Amino acid sequence: MSEAAVLTSLDNGVLTITLNRPAQRNAMNQALVTDLRAALAAAGTDDAARVVILRGAGGNFCAGADIAEMAQARTLPIGQGRDPLAVLNEGFGELCLAVVNCPRPVVAVAQGAVIGGGFGLACAADLTLGTPDTRMRLSETTLGLIPAQIAPFLVARLGHARANRLALTAATITGAQALELGLIHELCDAQETLDEAIEGAAMTFKKSAPGALAATKALLRRALFEPPEALIAHAADIFAAAARGPEGMEGMMAFLEKRAPSWAR
């Protein structure tokens, strides 16, 4: 029996999701994409999961799409339906959306190879950690392909000009360069430092109310694509709902009573 493409473990509110194809540098085949989407969906409905850590087995984050599987899909007839390659590619976009739309904060541990679709996953995460061995690259055009589904997430993280340059040049970005560009948020110089950064990020997110974090993520996502005037009434309504809800009441009472709120204990 083959090993699971994705491994999960839950410890003290931290759900670690590990891409588990180390021999392929965690390249994403259809099984991995399906299992990863399922794990993210489960995290969003599990009250015990407060923070999601997304990482790769074997010292690499993700080397992008599984080119062997893609080549096989190219041999399938199109027939009367959609092109099998289009269906396969669409799944990668849905996966990045699953990361963005996950109501839990998602921390990507971008070690080693972070290529193509893996680059997109790192950009979709709320917080991305890197190491000196991090190597990020948008390699699609060198293969005659297009960074199709991940393009919106690249632009959201980098802005158009930087995303355009990296996508067209296929340049390899080191961990230090990724930090300077804002691709990663923290560069950890050793395994011990990385472990501390992961633990610190989890502790930071757990200080905030789960519902408030989820609503904030959703609002900021809308703010990427909608003008401020279109969000004023909506933002006011969700603010009022939060203030009147159990989290808002507990948070304000905790502040007045000079104690930690229930979710941060």
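The values are calculated or read from the model by the stated rules, or taken from the named source; none is laboratory data. This one's a predicted model, so the numbers in the text were calculated from it and none came from an experiment. Glycine also receives a Cβ, built like all others from the backbone with ideal geometry; neighbour counts cover every protein chain displayed.
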Residue count, segment 132-151 (criterion: touching a residue at least 24 places away in the same chain (Cβ under 8 Å), more than 12 Å from ALA122 (Cβ to Cβ) and either loosely packed, with under 13 Cβ neighbours inside 10 Å or not charged (D, E, K, R) (or both)): 9
Select, from ALA178, ALA170, ALA122, the only residue that is at pLDDT 95 or above, within 25 Å of LEU88 (Cβ to Cβ) and surrounded by 19 or more Cβ atoms within 10 Å (Cβ to Cβ). ALA122
Could you list, in sequence order, the residues of segment 198-226 that are of a type in the set (A, V, I, L, M, F, W, C), assigned to a loop (DSSP other than H, G, I, E, B) and in contact (Cβ under 8 Å) with a residue 40 or more places away in the chain? ALA209, LEU224
Mind checking whether some residue in segment 59-74 is free of Cβ contacts under 8 Å to residues at least 12 places away in the same chain and in contact with a strand residue (DSSP E or B) (Cβ under 9 Å, 6 or more places away or on another chain)? no
Matching residues in segment 41-80 (in a helix (DSSP H, G or I) and surrounded by 12 or more Cβ atoms within 10 Å (Cβ to Cβ)) number 12
For segment 181-192, the count of residues that are at pLDDT 95 or above and either hydroxyl-bearing (Ser, Thr, Tyr) or in a helix (DSSP H, G or I) (or both) equals 1
Conditions first: (1) surrounded by 13 or more Cβ atoms within 10 Å (Cβ to Cβ); (2) of a type outside the set (D, E, K, R); (3) more than 23 Å from ALA43 (Cα to Cα). GLN191 passes all but one, so which condition is the exception? (1)
With respect to ARG259, is the statement that it is loosely packed, with under 14 Cβ neighbours inside 10 Å, assigned to a helix (DSSP H, G or I), out of contact with any strand residue (DSSP E or B) (no Cβ under 6 Å at 6 or more places or on another chain) and not hydroxyl-bearing (Ser, Thr, Tyr) true? no
Residue among THR16, THR34, THR8 that is out of contact with any Pro (no Cβ under 7 Å at 6 or more places or on another chain) and more than 20 Å from GLU199 (Cα to Cα): THR34
Have a look at ALA27, ALA49 and point out the one that is within 18 Å of GLU90 (Cβ to Cβ), within 16 Å of the chain's Cα centre (by Cα) and assigned by TED's automatic domain parsing to the domain that holds GLY120. ALA27
Under the condition of being of a type outside the set (Lys, Arg) and in contact (Cβ under 8 Å) with a residue 60 or more places away in the chain, which residue from segment 28-40 is farthest from LYS206 (Cα to Cα)? GLN30
Filter result (within 19 Å of the chain's Cα centre (by Cα) and assigned to a loop (DSSP other than H, G, I, E, B)) within segment 140-179: PRO147, ALA148, GLN149, ILE150, GLY159
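Listed here are the residues, each with its yes/no results for (1) among the hydrophobic types (A, V, I, L, M, F, W, C); (2) out of contact with any Phe, Trp or Tyr (no Cβ under 8 Å at 6 or more places or on another chain); (3) farther than 14 Å from GLY64 by Cβ.
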| residue | (1), (2), (3) |
| --- | --- |
| PRO132 | no, yes, yes |
| THR142 | no, yes, no |
| LEU145 | yes, yes, no |
| ALA170 | yes, yes, no |
| GLU192 | no, yes, yes |
| ILE198 | yes, yes, yes |
